[in-house]
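K.L.:
This is the structure I want to talk about, given as structure tokens.
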Amino acid sequence: QVQLVESGGGLVQPGGSLRLSCTWSGDMYAIVAMGWYRQAPGKQRELVAQIINGGATNYANTVLGRFTISRESAENVVYLQMNDLKPEDTAVYYCNVDGRNWKGFSLETLNIWGQGTRVTVSS
């Protein structure tokens with residue numbers, strides 16, 4: 001069973017930085033993409049950043065130029081470096097893996113979420 005564990009959230013002042021980490025464990029045949037999502041109070045969960053197998057990245061317009069997603073494949077870790085944080089970045093951040101595993105003779109899609117880590121940006 002694949003599991004994700006996030007860490008690195010906390011309280012930071014506007015303009016500060018945080019680095020989130022997501023470590024996954026378990027057997028998975030392939031990872032299509034890994035991403036970070038966030039959900040602020042009263043709002044829907046939204047994509048923040050995504051890294052596709054092969055290295056291509058996507059970012060939400062609101063974080064472009066401030067956040068960087070990266071992956072250490074050998075360590076099964078994906079990071080989200082967040083710089084110049086703003087109060088509107090306050091949310092619970094979730095790690096997500098879009099993967100594939102064999103089920104019998106077929107590949108099944110796995111969409112796995114971590115438990116979330118809270119980021120609060122406030123003075």
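K.L.:
Cα centroids of the stretch 44-60 and the stretch 1-35: how far apart, whole angstrom?
P.N.:
When both Cα centres are located, 13 Å separates them.
K.L.:
Heads up, I need the accessible area for residue 72: 1.4 angstrom probe, whole protein in place, Å², nearest 10.
P.N.:
Approximately 90 Å² for this residue.
K.L.:
Kindly report, to the nearest 10 Å², the accessible surface of residue 123 as traced by a 1.4 Å probe over protein heavy atoms only.
P.N.:
Only protein atoms counted, so the area is about 130 Å².
K.L.:
Now a separate question. Kindly report the accessible area of the stretch 71-123 per residue (heavy atoms of protein chains, probe 1.4 Å, no ligands, DNA or RNA), in Å².
P.N.:
55
K.L.:
Where does each of 92, 5, 78 land when they are ordered by accessible area, with a 1.4 Å probe and the largest first?
P.N.:
5, 92, 78
K.L.:
Let me ask something additional. Could you tell me the convex hull volume per residue, in Å³, taken over the Cα atoms of the stretch 44-97?
P.N.:
Value for the stretch 44-97: 90 Å³ per residue.
K.L.:
Can you give the alpha-carbon Rg of the chain over 2.2 N^0.38 Å, where N counts its residues?
P.N.:
Ratio of Cα Rg to 2.2 N^0.38 Å: 1.07.
K.L.:
In terms of solvent-accessible area of protein heavy atoms at a 1.4 angstrom probe, what is the ranking of 105, 67, highest value first?
P.N.:
I get 105, 67, largest accessible area first.
K.L.:
Hey, got the dipole for the chain? About the Cα centre, +1 on K and R Cβ, -1 on D and E Cβ, debye to the nearest 20?
P.N.:
In total the dipole reaches around 200 debye.
K.L.:
With springs only between Cα atoms under 10 Å apart, run a GNM on the chain and tell me which of 65, 35, 99 wobbles the most.
P.N.:
In this elastic network of the chain, the residue with the biggest mean-square fluctuation among 65, 35, 99 is 65.
K.L.:
May I ask you to list the residues of the stretch 109-123 whose amide nitrogen lies under 16 Å from a point 7 Å from Cα along the Cα→beta-carbon direction of residue 66?
P.N.:
119-123
K.L.:
Give me the percent of the accessible area of the chain that comes from carbon and sulfur atoms, probe 1.4 Å, all protein chains in place.
P.N.:
46
K.L.:
A further question on this structure: List the equivalent ellipsoid semi-axes of the stretch 9-57 in whole Å, largest first, each obtained as the square root of 5λ for an eigenvalue λ of the Cα gyration tensor.
P.N.:
After scaling each eigenvalue by five and taking roots: 25, 14, 12 Å.
The values are calculated or read from the model by the stated rules, or taken from the named source; none is laboratory data. Keep in mind that this is a model prediction, so the values were computed, not measured. So basically every Cβ, Gly included, is an ideal-geometry build from the backbone, and we count neighbours across all protein chains shown. Each accessible area value is taken on the protein alone, full model and side chains, heavy atoms only, with ligands, DNA and RNA left out. Shrake-Rupley method; radii C 1.70, N 1.55, O 1.52, S 1.80 Å.
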